[in-house]
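Structure first, then comments.
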Amino acid sequence: MPGSIRILVLLTLFATAMAQVEAALVVHLRSIYYPADPLSLFPMALLSPRDLRIELVRELATVVMILGVALLAARGAVRVFAAFVYVFGLWDILYYAWLKIMIGWPTAWLEWDVLFLIPWPWLGPWITPALIALLFVIWGGRVIAGATEPVFPVPATALFTLGALAGVAAFLLPALPLLAAGEEAFLSYMPGRFPWVIYSVGLGLMMLGLLLSSLRTENNKP
């Protein structure tokens with residue numbers, strides 16, 4: 001449908017521009033906090049209290065911006081969700097693409113990144129959120145461009161929710177032991193083992209949930 005394709009193109013443009021802004025900000029922060037080597041994030045350099053507050057609010061604002069665009073672009077809970085995950089996923093993937101263009105990072109497929117800061121730092125190889133983002137882009141783009149009203153049955157919702165919780169847990173677990181140890185533990189932290197099993201289960205459950213919703217949508221086509 002021409003209207004659906006137009007919406008998809010506009011959402012893509014928004015995600016591309018938003019990713020560039022995000023990457024540019026991170027380049028500036030790395031130049032300030034890692035002046036000797038902006039390509040190396042570990043051991044971590046902690047943000048000042050002021051900059052941390054600014055960054056936390058910015059992360060929340062980013063989610064609000066994506067949600068606002070999704071609400072403007074689509075009607076119906078499932079289509080709004082599809083627009084949200086499409087923009088979120090494309091933004092995440094293109095964020096790393098812009099970083100690669102601007103400063104040549106990441107330098108390896110399994111290089112670790114500080115992914116998010118709420119409620120505490122999410123840590124893991126950058127490819128792990130990028131794979132989830134790719135799943136979001138494929139499913140969300142298909143729903144947005146589709147001609148039929150999508151259906152998200154309860155089993156699909158349950159599978160996706162459990163998978164998302166497992167994925168978040170995988171990102172939060174690496175930094176969990178550091179919380180009790182305090183600031184010094186973060187300053188000396190070097191990436192270790194990533195909970196690949198939990199992450200893989202989470203990714204698989206999310207994939208199954210979205211696949212189930214897609215099959216249900218296919219069956220409802222006139």
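The values are calculated or read from the model by the stated rules, or taken from the named source; none is laboratory data. None of these values were measured; they are calculated from a predicted model. Using ideal geometry, Cβ is built from the backbone for each residue, glycine included, and neighbour counts are taken over all protein chains shown.
Of note, ALA145 satisfies the criterion of being among the hydrophobic types (A, V, I, L, M, F, W, C), in contact with a helix residue (DSSP H, G or I) (Cβ under 9 Å, 6 or more places away or on another chain), farther than 23 Å from PRO38 by Cβ and at pLDDT below 95. Among the residues of region 195-205, not a single one is at pLDDT below 95 and among the small types (Gly, Ala, Ser).
The set of residues from region 136-168 being part of a helix (DSSP H, G or I) and surrounded by fewer than 18 Cβ atoms within 10 Å (Cβ to Cβ) comprises ILE138, ARG142, ALA145, VAL154, PRO155, THR157, ALA158, THR161, LEU162, ALA164, LEU165, VAL168. Checking ARG30 against (1) among the charged types (D, E, K, R); (2) closer than 30 Å to VAL151 by Cβ; (3) buried (at least 16 other Cβ atoms within 10 Å of the Cβ), which single condition isn't satisfied? ARG30 satisfies all of (1) among the charged types (D, E, K, R); (2) closer than 30 Å to VAL151 by Cβ; (3) buried (at least 16 other Cβ atoms within 10 Å of the Cβ) except (2). In region 64-76, the qualifying residues are those that are free of Cβ contacts under 8 Å to residues at least 24 places away in the same chain and over 21 Å from ALA147 (Cβ atoms), and the one that is farthest from the chain's Cα centre (by Cα) is LEU71.
Looking at region 184-194 only, could you name the residues that are under 14 Å from PHE42 (Cα atoms) and touching a residue at least 40 places away in the same chain (Cβ under 8 Å)?
Within region 184-194, PHE186, LEU187, SER188, TYR189, MET190, PRO191 meet the criteria.
Just the residues that are part of a helix (DSSP H, G or I), in contact (Cβ under 8 Å) with a residue 60 or more places away in the chain and over 21 Å from LEU173 (Cβ atoms), please, taken from region 102-134. Those that are part of a helix (DSSP H, G or I), in contact (Cβ under 8 Å) with a residue 60 or more places away in the chain and over 21 Å from LEU173 (Cβ atoms): MET102, ILE103.
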